[in-house]
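So the structure is just underneath, and the comments pick up after that.
The values are calculated or read from the model by the stated rules, or taken from the named source; none is laboratory data. Everything quoted here is computed from the prediction, not taken from an experiment. Virtual Cβ from ideal backbone geometry, glycine too; neighbours counted across all protein chains shown.
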Amino acid sequence: MKKFQPQSGFVVQAFRFALDPNAAQEAASRSHCGAARAAYNWAVGWVTASWWQRKAEETYGVPEEDLAEWRPWSLPALRKAFNTAKYTDPRFASWWQENSKEAYSTGLANASAAFDNYAKSKNGKRRGKRVGAPRFKSKRKARPSCRFTTGTIRVDTDGRHVTLPRLGTVRVHEPTHKLLNRVQGGTARILSATVRHERGRWFVSFQAEVKHDLERVTRPDVTVGIDLGVKTLAVTADSTGEIRTVANPGHYDQARKQLRRASRVVSRRQGPDRRTGQKPSKRWEKANAQRNKVHHRVANLREDALHKLTTSVAAEYGTVVVEDLNVAGMLRNRRLARRIADAGFGEIRRQLDYKTLQRHAPAWWSRTAGTRPRRPVPGAAR
């Protein structure tokens, strides 16, 4: 078994903060995110138009060499085509100057990545579930997001504001000292910032290059095994014989009564209907917002509990062993799917994956029957 040798260096790390934008800044954020979605939809339509054109020409017996040329989906090619279309296309000509160029670049980059994933999956070069062809993003369902890579991107020295391109100085809901101290100390450099709306709030995520110092765990010579379950979230047993039990908080089960009541109110309002084009009423939107607040609270409580669990394990033990569960297959069991999803087995493994590497505690995943092979953790023994 190979010994893991930690080394200090620079790693790319994300720092996310909740925002408290004013009305103008929130409108500008929505405009930028909408521009990114519009650019994505334009790129999908522009590329797939050549696919349908070739397919139509084949039905008329056009020879292969005379068919319409394939349109490329690389990011430089999409940018070149979009820079020409934004002046003539009526969908962009009247308003594209209202937003930063980074908004359109975000949509084009996402479209290019989506076509790459589709091509690799179709050719068998991509692991996991088959990826279908990119589709248009719906204004109602798409999650608003925009990424800034150039311009003024900084964390202000007061620790309560951030400055973003075209959005200006925005107040944050929580202090930014965990990133500000690193930037002022010269141990971090901000690379980009992503503004996103999720769970009823606006967030900004800074991608920074951070100096990664050595962090010693409390008991580096102790190995711990974790068994995940539904009734009991986790049972840990270490090499010293100590056994600990972590109860499953069951946040969703506790909120089911409140969700039923909120969903009953929503069902009695006039909601949207895509078949008839019916718009939701104001009372439906208000009731739906109240229901979403319950869902958001459950998600936040679950995230907080899982982070506390994984952080405590990664900070204490030198080696962490977790069973490799086929969570996707387990969710097919209709009797246990709700409780398995609420427990967050996959999220526990994902968090332990990067937290053990940050703490220099290599994690080994035990293989279970019926699971597909996964990429080994860097630095861990095979």
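Key figures for this structure:
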| quantity | calculated |
| --- | --- |
| Residue tally, condition farther than 30 Å from ARG201 by Cα and modelled with pLDDT of 95 or more, over region 1-34 | 0 |
| Sole residue being surrounded by 13 or more Cβ atoms within 10 Å (Cβ to Cβ) and under 22 Å from the mean Cα position of the chain (by Cα), chosen from GLU102, GLU57 | GLU102 |
| Enumeration of residues in region 145-178 that are modelled with pLDDT of 95 or more and in contact with a His (Cβ under 7 Å, 6 or more places away or on another chain) | CYS146, THR169, VAL170, ARG171, VAL172 |
| Candidate set: region 62-86, residues that are in a loop (DSSP other than H, G, I, E, B) and aliphatic (A, V, I, L, M); chosen: the one farthest from TYR40 (Cα to Cα) | VAL62 |
| Every residue from region 324-351 that is of a type in the set (A, V, I, L, M, F, W, C), in a loop (DSSP other than H, G, I, E, B) and under 19 Å from ASP253 (Cβ atoms) | LEU331, LEU336 |
| Qualifying residues in region 297-310 (those that are surrounded by 15 or more Cβ atoms within 10 Å (Cβ to Cβ) and not hydrophobic (A, V, I, L, M, F, W, C)) - the one nearest to the chain's Cα centre (by Cα) | GLU303 |
| All positions within region 265-287 that are more than 30 Å from the chain's Cα centre (by Cα), within 20 Å of SER138 (Cβ to Cβ) and not in a loop (DSSP other than H, G, I, E, B) | GLN278 |
| Identity of the residue in region 131-152, under 21 Å from TYR40 (Cα atoms) and without any contact (Cβ under 8 Å) to a residue 24 or more places away in the chain, that ends up surrounded by the most Cβ atoms within 10 Å (Cβ to Cβ) | VAL131 |
| Top-ranked residue in region 112-130 [being surrounded by 15 or more Cβ atoms within 10 Å (Cβ to Cβ) and out of contact with any Lys or Arg (no Cβ under 8 Å at 6 or more places or on another chain); ranked as nearest to SER50 (Cα to Cα)] | PHE115 |
| Long-range neighbours under 6 Å by Cβ, at least six apart or interchain, first residue over 18 Å from TYR118 (Cβ atoms) within region 48-71, second hydroxyl-bearing (Ser, Thr, Tyr) and surrounded by 10 or more Cβ atoms within 10 Å (Cβ to Cβ) | ALA68/SER50 |
| Test: residue in region 237-250 that is of a type outside the set (Val, Ile, Thr) and closer than 30 Å to ARG160 by Cβ | no |
| Residue in region 236-252 that is in a helix (DSSP H, G or I) and either of a type in the set (Gly, Ala, Ser) or in the same structural domain as ALA315 (by TED's automatic domain parsing) (or both) present | yes |
| Condition check for ARG37: touching a helix residue (DSSP H, G or I) at 6+ places or on another chain (Cβ under 8 Å), among the basic types (Lys, Arg), within 15 Å of PRO134 (Cβ to Cβ) and at pLDDT below 95 | no |
| Every residue from region 313-340 that is surrounded by fewer than 15 Cβ atoms within 10 Å (Cβ to Cβ) and among the small types (Gly, Ala, Ser) | ALA328, GLY329, ALA337 |
| Unique match (being of a type outside the set (Gly, Ala, Ser), in contact with a helix residue (DSSP H, G or I) (Cβ under 6 Å, 6 or more places away or on another chain) and at pLDDT below 90) among LEU75, LEU67 | LEU67 |
